[in-house]
Amino acid sequence: MAGEAQPDCLFCKIVAGEIPATVVRETERTVAFRDINPQAPTHVLVIPKVHYPNAGELAAAEPEITAQLLTEAARVAEDEKIDGHGYRMIFNTGSGAGQTVFHAHVHVLGGVPLREGLV
């Protein structure tokens, strides 16, 4: 059921502490951790602790948590000191867009000039 942890979801397992991750921020409703396959010097994923397959479903069901994801993404950028130079926040939705873990999440990328075609 949407909103509930899924036993086969990698990110739900990270939230539960079953799989290690390099956590950089955590709130009551979100977790931010370093991507294991970074596409930029700073590449952090911010996920909700509740499970929804993609950003659209999360936004429709729990807009407050969606807003918190964006707020936390901005805080990650501040913490990582990339906010002054520019950064990207990316939601991939669906396998055709490159989503490989079907748990809503936002990528925070920066640390180099980002050009078209990167991620």
Notebook entry, point to check: Would you pick out the residues in segment 6-38 that are more than 14 Å from the chain's Cα centre (by Cα) and open to solvent by 80 Å² or more (accessible area, probe 1.4 Å)?
Noted result: 7, 8, 18, 20, 28
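Tell me, which residue of segment 59-83 that is in a loop (DSSP other than H, G, I, E, B) and open to solvent by 70 Å² or more (accessible area, probe 1.4 Å) is nearest to residue 106 (Cα to Cα)?
Ranking the candidates gives 83 first.
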Item checked: residue 46, sole failed condition from (1) surrounded by 14 or more Cβ atoms within 10 Å (Cβ to Cβ); (2) under 16 Å from residue 112 (Cα atoms); (3) in contact (Cβ under 8 Å) with a residue 60 or more places away in the chain -> (2)
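Just give me the residues in segment 84-97 being more than 11 Å from the chain's Cα centre (by Cα) and either among the aliphatic types (A, V, I, L, M) or open to solvent by 30 Å² or more (accessible area, probe 1.4 Å) (or both), in sequence order.
Taking segment 84-97 and keeping what is more than 11 Å from the chain's Cα centre (by Cα), we get 84-88, 93-97.
Of everything in segment 84-97, those that are more than 11 Å from the chain's Cα centre (by Cα) and either among the aliphatic types (A, V, I, L, M) or open to solvent by 30 Å² or more (accessible area, probe 1.4 Å) (or both) turn out to be 84, 85, 86, 87, 88, 93, 95, 96, 97.
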Next item on the list: Please work out if residue 4 is in a loop (DSSP other than H, G, I, E, B) and at pLDDT below 95.
Entry: yes
Next item on the list: Among what's in segment 98-119 and is open to solvent by less than 70 Å² (accessible area, probe 1.4 Å) and either in a helix (DSSP H, G or I) or touching a Cys at 6+ places or on another chain (Cβ under 8 Å) (or both), pick the residue that is farthest from residue 37 (Cα to Cα).
Entry: 103
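The values are calculated or read from the model by the stated rules, or taken from the named source; none is laboratory data. What you are looking at is a predicted structure, and each value in this text was computed from that prediction instead of being measured. Note: ideal-geometry Cβ built from the backbone for every residue, glycine included; neighbour counts use all protein chains shown. SASA here: full protein model, heavy atoms, side chains in, ligands and nucleic acids out. Shrake-Rupley method; radii C 1.70, N 1.55, O 1.52, S 1.80 Å.
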